[in-house]
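Presented below is the structure to which this report refers.
Quick note: the coordinates plus some simple rules give every number you see, no bench work behind them. All figures in this text were calculated on a predicted structure; none of them were measured in a lab. Positions of Cβ are generated from backbone atoms using ideal geometry, with glycine treated the same way; all protein chains shown enter the neighbour counts.
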Amino acid sequence: MRFASRKSDYLSTHFYNLKADLNELPLPPLNPGTQAPLKPEELEVIFPKGFIQHETSLERFIPIPEKIREAYALFRPTPLIYASGLRRALQTPAHIFYKYEGVSPTGSHKSNTALVQAYLAAQEGVETLTTETGAGQWGSALAHAGSIFGVKVRVFMVRVSFRQKPGRRILMELFGASVVESPSQITESGKRYYALDPDHPGSLGIAISEAVELAATNENIKYSLGSVLDSVLMHQTIIGQEAEKQMEELGAEPEVVIGCVGGGSNFSGLAFPFVRRRLKSGRNIRFIAVEPEACPTLTKGELRYDHGDTAGLTPLLHMYTLGKDFVPPPIHAGGLRYHGMAPLVSYLAKLGIVEPKAYSQERIFEAARLFLNAEGILAAPESAHAIAATIDEALKAKEDKRETVILFNLSGHGFLDLSAFDGASRS
């Protein structure tokens with residue numbers, strides 16, 4: 001009982017909503033038809049009402065339902081690990097900590113929002129949730145969450161990842177989800193691209209179009225999204241809230257916070273509670289968001305309104321974007337192959353609070369290998385982007401002969417990505 005009580009000390013009771021602490025809100029999403037600011041009720045055709053309430057709330061803290069906290073307690077709090085092996089390998093004076101989200105049921109941070117979305121859907125009697133997935137981490141998490149709360153899950157998986165990562169597909173199917181290669185022949189959005197090329201590599205934008213179309217044309221189906229939207233980022237803040245408590249217990253405070261970014265969820269989950277410290281208390285904390293050079297949304301994209309999907313079915317979001325028609329090359333970090341960045345992350349980048357960086361696939365595989373040998377954990381290719389930036393910051397501290405405290409999010413393990421690493425080792 002003492003252990004259970006101690007564990008509950010770290011379990012968040014509320015999600016943190018960054019919007020409550022911003023002096024100005026980012027530009028609102030627009031109705032794709034009228035170009036007017038989107039009304040909450042206009043989202044009801046694709047999302048459950050409980051999810052929409054989270055998305056539109058301006059409250060600083062949103063209570064976490066007890067059923068969700070019970071589900072979290074199976075794997076949370078996740079460990080905060082002092083990277084002594086990496087520090088030794090780099091011979092750096094920097095103190096490196098990482099929050100390890102790979103201990104979740106399906107191996108990544110995605111369960112943090114998947115459990116919420118499946119619960120909210122079940123509360124409203126939703127029969128099926130449809131979604132997209134790149135590398136398969138999000139699809140796996142939602143499939144697992146659906147199995148817990150009795151909601152069917154249908155996943156459109158980006159074709160290149162479907163073929164590169166059969167382990168993720170198998171995991172989703174074991175949880176009872178149906179998984180379809182995207183672009184597929186079962187939606188109008190998919191047929192358009194399938195007709196152009198039956199072996200089209202696909203993109204998250206196309207897969208989103210297929211999933212949204214299915215929800216919009218079927219009354220008993222709703223759509224579930226793994227990143228980008230404000231509510232999804234808010235659900236992930238349990239990561240940063242736990243990290244705050246854990247680091248305070250150790251007497252440490254980060255000077256640099258790092259995460260990989262595709263849509264922005266795992267970075268935001270760790271960073272936003274610490275961004276609050278910078279906004280409200282003036283703490284001098286840097287925030288580094290790391291993306292692939294092959295999909296450089298923050299580093300080379302344009303800040304403007306764009307659709308979140310390729311077919312133009314979703315609301316217009318004000319974000320850094322490479323354009324909804326952008327089809328990234330088939331890099332192994334499938335979870336980062338998205339043309340747009342979360343509006344809240346985009347807004348912080350515009351303000352100069354978030355520093356974007358981009359790395360090549362070769363560089364991130366080198367970082368993953370070094371981390372594996374130093375710490376004994378094989379990071380997902382997505383998370384290896386954060387590791388690469390952490391290594392650079394630690395080596396800079398070594399060059400400057402100064403101590404610093406670095407915190408990064410190891411958002412998932414790479415044990416189902418071995419084929420990607422095998423390909424990298426042979427190239």
For labels at K245 and S419 in the simple 7 Å Cα→Cβ model, what's the distance in nm? 4.0 nm
Quantify how much of the Cα-Cα distance distribution of the chain extends past 27 Å, in percent. 47 percent
Between L395 and D21, Cβ-based FRET efficiency (R0 25 Å, step 0.05) works out to 0.15
I'd like the Karplus ³J(HN,Hα) series for segment 304-318: coefficients 6.51, -1.76, 1.60, θ = phi - 60°, whole numbers in Hz, and an x wherever there's a Gly or Pro. 6, 6, 7, 6, x, 10, 6, 7, x, 8, 8, x, 7, 10, 8
With a cut-off of 16 Å, note down the residues of segment 17-36 whose backbone N falls inside the zone around a label point 7 Å from the Cα of R60 toward its beta carbon. 17-24
In whole Hz and in residue order, list the ³J(HN,Hα) couplings for segment 123-137 that follow from phi through the Karplus curve 6.51 cos²θ - 1.76 cosθ + 1.60, θ = phi - 60°; x for Gly and Pro. 4, 9, x, 5, 7, 9, 10, 10, 7, 10, 8, x, 5, x, 5
Approximate spin-label separation A73-E253, in nm, with each point projected 7 Å along Cα-to-Cβ: 3.3 nm
What full-extension length gain, to one decimal in nm, is calculated for V45 and L372 as 0.36 nm per residue of separation minus the Cα-Cα distance? 113.2 nm
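So if R0 is 22 Å, what FRET efficiency would R192 and A36 give, r being the distance between their Cβ atoms, rounded to the nearest 0.05? Walk me through the numbers before you get to the answer.
On the way: r = 27 Å, r/R0 = 1.25.
For R0 = 22 Å, the calculated efficiency reads 0.20.
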Whole-Å distance, taken between Cα centres, linking segment 314-372 and segment 19-62: 23 Å
Per-residue ³J(HN,Hα) for segment 252-258, Karplus 6.51 cos²θ - 1.76 cosθ + 1.60, θ = phi - 60°, Hz, x for Gly and Pro: 10, 9, x, 9, 9, 10, 10
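Find the relative contact order for the chain and round it to a whole percent, using C-alpha pairs within less than 8 Å whose residues are 6+ positions apart. Each step should come with its number before you reach the end.
Numbers: 945 pairs, mean separation 84.8, N = 427.
About 20 percent, as a whole number.
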